[in-house]
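A short write-up of the structure that comes next.
Coordinate-derived values only; no laboratory data. Just so we're clear, the structure is a prediction, and the values are computed from it rather than from any experiment. Note: ideal-geometry Cβ built from the backbone for every residue, glycine included; neighbour counts use all protein chains shown.
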Amino acid sequence: MSNPEITNGTNNGTNNGTTNGTANEDDEFLRGVSKLWVNVNHIALVVSDVGLSLDFYTNIIGMKQILRPNFDRHGAWLTAGNVDIHLIKGRPAVHSDDDLIVSHVALDASNMDGLRARLTKLGAKSRKNISVPNPQNNNKAVDQVNGYYIEFCNCGALDEFLHQTPEGEKDWNLTKANAVASASKVMKKMASSSKINLKFRKTSAVSQTGSDGEQSDSDEHSTNGDHVTVDEKKLANLTQRRKVYGDITQNTVNEKELEELLVRYNNHVPKVIRHLEERMWRKGTQTYIPPAFYDRDGTFYQPPSFEMKITNLDNGPADTIGEE
C-alpha cells in the first residue's frame, strides 16, 4: 500500500463572495450563513466494523485511506478526491432499502458498462435505479456490512443542466429583488385569504356527484366531456408527473383517469390539480407510489402504493397554480 496522504479540506477559491470569511451585515438578501463557510470537507459514516468497512471502501470502491488523528474512538479516514469520508465506530442507522429510496454518496463515473463488469468481477452487489431520467447512467453498490449505498452516476450532463441560469433570471437585478421582497406581505395575505375562501366553499357547497362519485368544488368548471379532445401534450406531462414520488397526480387511480379529468375540465390543468387536491383532503390521506426498480436478482419490481395521513387538515387545500 502506498503511503497515506493527508487532505486538509481547504479550498483555494472564494467563499461565496465574502472577504476574509466575514459576512456583510448590510446584505439583506443573505441566505442563512452561506457566506460564512467555504465547501464540504467530509462526510461521516457510522459503521459497525471499521476493518470490514475499510475493505469495502478501499478494495471495492477504490478510495484511498488517509492519515487520521488519534481520537478516543476507533475509526478510519479516506479521500474520494474532492471530499473525505470519515468512518466512525458505532451503530449504523439505516432504513430499509426495499424500494431503493436510500440515502447515498454519489460518485461521478463515465464508463458505466465497465464499472458494472468490474463490480461483478469483484463480487460486489449492486442495483440499478430506473426511476432516474437515464437509468443506463446510474448504478448503486451497497456496503453489505452497514447498509450504506454508493451511487455511481454519469453526472456531468446533469451538472451542466442544473447549473444553467434559468431564462427568467438572466436579467434579474437588485431592483427586481427589492420589488419582490416588498410585495411578499401582500402575497402572503392573498394566499391566506384564498385558503379561507376555499375552506368556506368546501364546507358550504351543496353536495354534487361527479363521474368518480365524489363532490368537488371544481365541478362548477367542469364539462360533460362532449366535443372535448384531450390535449396529448398536457396528458403526457401529467402522466410523466405521476411517476414522481409524492406528486399530487399519484392520487389518481390510473393514467386513464388523468385523461378523463382533462376532458372533464376542458384540458385546464389547474382545475385538474384542484380536483385531486380536494379528493386528497376529503379522504384525509395522500397517495404515494414508490419508484420502480430492478431487484437484486434482476427482476423488475413496482412497490405497491400506500396512503399517508395528512396532519394539517384544519388548514385545508391551498389554491393551486398549475401549468396551462
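Here is how the numbers come out for the structure above:
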quantity: Least to most buried among His95, His268, His163, His275 (fewest other Cβ within 10 Å first); calculated: His163, His95, His268, His275
quantity: Environment charge of Cys153, counting only residues whose C-beta is closer than 12 Å and scoring Lys/Arg +1, Asp/Glu -1; calculated: -1
quantity: Efficiency of FRET between Lys125 and Arg91 - r from beta-carbon atoms, R0 22 angstrom, step 0.05; calculated: 0.50
quantity: Total charge dipole magnitude, the range 34-162, about the Cα centre, Cβ charges on Lys, Arg, Asp, Glu only, Debye to nearest 20; calculated: 260 debye
quantity: Asn59-His227 FRET efficiency (beta carbon distance; Förster radius 41 Å; 0.05 resolution); calculated: 0.05
quantity: FRET efficiency for Asn39 and Ser305, using Cβ-Cβ distance with R0 set to 35 Å, rounded to 0.05; calculated: 0.30
quantity: Proxy reagent accessibility, fewest Cβ within 10 Å first, across Tyr294, Tyr149, Tyr245; calculated: Tyr245, Tyr294, Tyr149
quantity: Neighbourhood charge, 14 Å Cβ-Cβ cut-off, centred on Val50 and excluding it, Lys, Arg +1 and Asp, Glu -1; calculated: +1
